[in-house]
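This report concerns only the one structure given below.
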Amino acid sequence: MGALGIALGYDTAFIAAHHVIRLLMLSFAIPTVVVLIRRRERPA
């Protein structure tokens, strides 16, 4: 992704910022989805 962004001429700080935001969102989203799936499967 970084190489593609550089090849397309985007600023490296712009690319890095989006990578950091993406990793932070995944850090919160994945555990949330796991908890929701476990809650849904528990009563069954």
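Extent along the principal axes, Cα only, for the chain: 52, 14, 8 Å, with the longest axis given first. Applied to region 7-21, the Karplus parametrisation 6.51 cos²θ - 1.76 cosθ + 1.60 on θ = phi - 60° returns per-residue 3J(HN,Hα) values of 5, 7, x, 7, 5, 5, 5, 4, 5, 4, 4, 5, 5, 5, 4 Hz, with x for Gly and Pro. Per-residue ellipticity at 222 nm from helix content only, as computed over the chain with -39500 (n - 2.57) for each DSSP H run of at least four residues, stands at -27500 deg cm²/dmol.
We did not get these values from a lab; they are worked out from the coordinates using the rules stated. Everything numeric here is computed off the predicted structure, so don't read it as measured data.
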